[in-house]
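The values are calculated or read from the model by the stated rules, or taken from the named source; none is laboratory data. Bear in mind the structure is a predicted one, so any value in this text is a computation, not a measurement. When we count neighbours, we look across all protein chains shown, and the Cβ atoms used for this are built from the backbone with ideal geometry, even at glycine.
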């Protein structure tokens with residue numbers, strides 16, 4: 001963590017390597033951007049499960065590669081969410097649901113979700129995209145399973161509120177084919193890009209979820225917090241972004257974490 005803040009506070013490296021860090025950061029904040037990237041979205045979840053002192057883990061690997069079609073006038077953006085889970089006994093994770101009571105923490109890969117966005121090329125600062133998403137039964141243990149085989153829809157709206165403040169809103173709904181899973185995710189992500197530190201930003205970057213198969217008092221998970229990050233321009237089209245921030249679950253189902261520490265390590269790749 002000390003190393004992260006030293007990197008965040010330092011301004012010299014990105015400026016010496018071409019000054020592309022700010023542009024890279026804005027592209028990575030845009031789910032509809034024409035980029036190639038490998039991202040992660042990781043949570044260490046404290047106070048989850050039947051034991052108040054238990055900790056659960058959610059590590060998501062998110063590769064994305066956009067295809068630009070200038071003549072027809074749209075961008076096609078496929079992306080995947082590959083969850084690696086460490087679920088404490090009796091925990092309730094927003095991506096996998098309630099975990100049975102077990103001996104210790106259950107580790108493994110949960111069900112992979114793939115998303116496919118079609119984004120028309122539109123004049124103006126606000127863009128939108130829409131497309132299907134598919135869930136694949138890739139779990140290594142049923143105790144950390146998610147939707148299994150399933151499908152749904154996902155939509156994105158992105159734009160600039162001010163010169164420094166940008167918005168990326170993602171809404172998705174996923175159903176399992178067997179009817180046992182129905183979950184809505186809402187990501188109202190706000191990014192304030194700093195001018196004093198190139199490539200640095202402050203953000204709300206999390207997901208509100210509604211599990212429609214849960215009991216009435218356990219439907220919603222609403223995290224509240226802040227996130228700070230910085231993109232570093234490594235040269236030749238490569239970039240690395242580091243981010244860190246705490247989130248508290250203002251509304252949560254039984255077994256969900258009291259609070260979590262979110263961190264990201266993202267890589268921009270040349271196209």
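Data overview
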| quantity | calculated |
| --- | --- |
| Matching entry among 237, 225 (being modelled with pLDDT under 95 and farther than 24 Å from residue 133 by Cβ) | 237 |
| Single match in 166, 206 (criterion: outside any strand (DSSP E or B) and surrounded by 18 or more Cβ atoms within 10 Å (Cβ to Cβ)) | 206 |
| Counted residues, the range 95-113 - those being surrounded by 15 or more Cβ atoms within 10 Å (Cβ to Cβ) and on the phi < 0 side of the Ramachandran plot | 12 |
| Any chance residue 129 is touching a helix residue (DSSP H, G or I) at 6+ places or on another chain (Cβ under 6 Å), surrounded by 15 or more Cβ atoms within 10 Å (Cβ to Cβ) and part of a strand (DSSP E or B) | no |
| Checking residue 52 against (1) surrounded by 20 or more Cβ atoms within 10 Å (Cβ to Cβ); (2) more than 21 Å from residue 147 (Cβ to Cβ); (3) at pLDDT below 95, the condition it does not meet | (1) |
| Residue count, the range 214-225 (criterion: surrounded by 15 or more Cβ atoms within 10 Å (Cβ to Cβ) and outside any strand (DSSP E or B)) | 3 |
| Any hit, the range 107-114, residues being farther than 18 Å from residue 63 by Cα and at pLDDT 95 or above | yes |
| The range 199-222: number of residues that are within 19 Å of residue 267 (Cα to Cα) and at pLDDT 95 or above | 5 |
